[in-house]
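Step one of this worksheet: look at the structure below.
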């Protein structure tokens, strides 16, 4: 049993979808979130730059008492692959948990993946899925604009620009006849309604951040690291850019975060 | 007379529109360009973060022999306002040169401005225009998506997503009856055809980067700092992210840059 916090980080605010899921399934856990809002997005940068930023994000979280780290960012998780950047506490990215769930739920063996250009170029989800079942057919599409559309609040289900972009990105995946779609970037669940509308009701949508939260619970249970407090856990948010823009933009992701304890910290 | 280079920087690749203009009007000058591609965009970040990045960009350029510095970035220029970040060599941003030209060419006194959220929020162009003529009527619109659409190559004049975004941003400016539009971010001239199509042929479009290049020529002439070489000048490009993605994306801005001398440098 351990009262330390779970450390969660993301390039921007997408990782709040994982925080939201953690709050639901582990309500007594404390969370320390770091969003690198001064350098978002990561997914259109080079592997080398993303790995450098990742190292700095993890070093920032480790200055706090954390018992586990979650990279709640599809891009970071994809650059790391099967490597864990820490070896004394549990760590997870979002790729393995999301791929595991997708391999479990697919019936026709056809899975779609959407992510940032860096994520898709890395082939991370394909690698993870094929390690589970080499026969799975994967159709993956990079969606460079979606992170921005979500970060800037173009999230209404009737937003024409977001719908047009999503239709363009999703067409090849829909045409491939997938029955499962991994939303491989933690920003995408914010526009789940648009994605669901385009994919149709027969396609199961998986949120990489939510799956990572469920997987984190298993890790903590296995290692006997859950918090045995009966009090509700507490979230603290750190961002590398201003607090006010975080409060403004976080509304879409996790309303509590917009009103919560937020600090700006250079890393 | 001075053979040192002109230092030009931008958050990303937009500043190459200023480099292109410099090469045309001052063909014998050497240029050192820095694009902060590891941290682009600037225009959706806080003033404090933008000013910190600006300081670092200028410090980088000053490690090279430069006789003038151009902030070829509407956002940086707007955060600086009338302050010059260097005092021993000439400096210009893009706001004053573009506003000056707009005040000269407008006939009906109605000027439109498009820029990043940080630029528009700062009121930099209004301040500069009203200092020149307090009766000028300014309609300014923030265009958060356009930088990304340009950086990711959504630049074809028939691109539906870019057209839809531009139509939405430009509608209030068109409705205000302006006869002059300042493209206040150096990325926008890449989609000039789309903007021109929406604004109509009676509206004069001004490129902030081009105007800054013309203004730089005047500064260098006045201070007797022009290069008297009869050889063509040489461009050197530095970026903070990878060289390969610069080469890929620079094609849209300045084809020569894609094949030129490019180095990646952490700042």
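Coordinate-derived values only; no laboratory data. This one's a predicted model, so the numbers in the text were calculated from it and none came from an experiment. Because the Cβ atoms are built from the backbone with ideal geometry, glycine has one as well, and the counts that use them run over all protein chains shown.
In terms of the Cα gyration tensor, with a ≥ b ≥ c the square roots of its eigenvalues, is region B:75-123 rounded because a/c is under 1.5, prolate because a/b exceeds b/c, or oblate?
Details: a/c = 3.46, a/b = 1.47, b/c = 2.35.
It is oblate, given that a/c is not under 1.5 and a/b is not larger than b/c.
Give me the one-decimal Kirkwood hydrodynamic radius in Å for chain B, with the sum taken over alpha-carbon pairs.
Radius from the Kirkwood sum: 18.3 Å.
What FRET efficiency, computed as 1/(1 + (r/R0)^6) with R0 = 41 Å and r the Cβ-Cβ distance, is obtained for residue A:196 and residue B:63, rounded to the nearest 0.05?
Step by step, r from the Cβ atoms, then E = 0.20.
With a Förster radius of 41 Å, plug the Cβ-Cβ distance of residue A:3 and residue A:174 into 1/(1 + (r/R0)^6) and report the FRET value to the nearest 0.05. The partial results should precede the final answer.
Numbers: r = 46 Å, r/R0 = 1.13.
Once rounded, the FRET efficiency stands at 0.35.
Using a Debye calculation, one point per C-alpha and no hydration shell, please list log10 I(q)/I(0) for region B:95-209 at q = 0.17, 0.19, 0.22 Å⁻¹ in order.
Rounded to two decimals, the profile gives -0.73, -0.91, -1.22.
Based only on other Cβ atoms within 10 Å, what is the fewest-to-most ordering of A:237, A:169?
A:169, A:237
How well do other chains shield peptide B:242-255, expressed as the mean number of their Cβ atoms within 10 Å of each residue Cβ?
Average per residue, whole number: 1.
Between residue A:222 and the same site in the other copies, what are the distances in nm, shortest first, taking label points 7 Å from Cα along the C-beta direction?
Copy-to-copy label distances for residue A:222: 6.9 nm.
Please give, to one decimal in nm, the separation of the simple spin-label points placed at residue A:222 and residue B:56, each 7 Å out from Cα toward the Cβ.
Result: 3.7 nm between the two label points.
Hey, for residue B:55 with labels 7 Å out along Cα-Cβ, what do the inter-copy distances come to in nm, ordered shortest first?
Here the equivalent label points are 2.5 nm apart from this one.
Given a 10 angstrom Cα cut-off, can you work out which residue in A:119, A:139, A:49 is the most mobile in a GNM of chain A?
A:49
Measure nothing but the geometry: give the 0 to 90° angle between the long axis through the Cα atoms of A:95-105 and the longest principal axis through the Cα atoms of chain A, rounded to 10°.
50
Going by how many other Cβ atoms sit within 10 Å of their own, how do A:52, B:45 line up, fewest first? Write out the running numbers ahead of the final one.
On the way: A:52 14, B:45 27.
With the fewest neighbours first, A:52, B:45 line up as A:52, B:45.
Given label points at 7 Å from Cα along Cα→Cβ, what nm distances, shortest first, separate residue A:132 from the same residue in every other copy?
6.0
What shape does the protein assembly as shown have by the C-alpha gyration tensor, where a ≥ b ≥ c are the square roots of the eigenvalues, rounded means a/c under 1.5, and otherwise prolate means a/b greater than b/c and oblate the rest?
In terms of gyration-tensor shape, prolate.
Take the alpha-carbon centre of region A:74-139, take the same for region B:180-240, and report the distance between them in whole Å.
Taking the Cα centre of each part, region A:74-139 and region B:180-240 sit 45 Å apart.
For chain A, with a Gaussian network of springs between Cα atoms less than 10 Å apart, report the residue from A:177, A:200, A:74 with the top mean-square fluctuation.
Result: A:200 has the largest fluctuation of those listed.
Say each of residue A:87 and residue A:244 gets a label point 7 Å from the Cα, pointing the same way as Cα to Cβ; how far apart are those two points in nm?
Reported label-point gap for residue A:87 and residue A:244 is 4.6 nm.
Compute the Cα gyration tensor for region A:1-121, then decide on rounded, prolate or oblate, letting a ≥ b ≥ c be the square roots of its eigenvalues: rounded whenever a/c is under 1.5, prolate when a/b is larger than b/c in the other cases, and oblate in all that remain. Provide the component values of the computation, followed by the final result.
On the way: a/c = 1.77, a/b = 1.17, b/c = 1.52.
The shape class here is oblate.
Using the Kirkwood radius over Cα pairs, work out the Stokes-Einstein diffusion coefficient for region A:212-251 at 20 °C and 1.002 mPa s, in µm²/s as a whole number.
D, rounded to a whole number, is 165 µm²/s.
At 222 nm, what value in deg cm²/dmol follows for the protein assembly as shown if DSSP H runs of at least 4 each add -39500 (n - 2.57) and the sum is divided by all its residues, to the nearest 500? Could you put the intermediate results ahead of the total?
Numbers: 24 runs with 232 residues, N = 534.
When only DSSP H runs of four or more count, the value is -12500 deg cm²/dmol.
Can you give me the distance in nm between label points at residue A:236 and residue A:47, each placed 7 Å from the Cα along the Cα-to-Cβ direction?
3.6
Alpha carbon centre of region A:19-62 versus region B:1-37: separation in Å?
36
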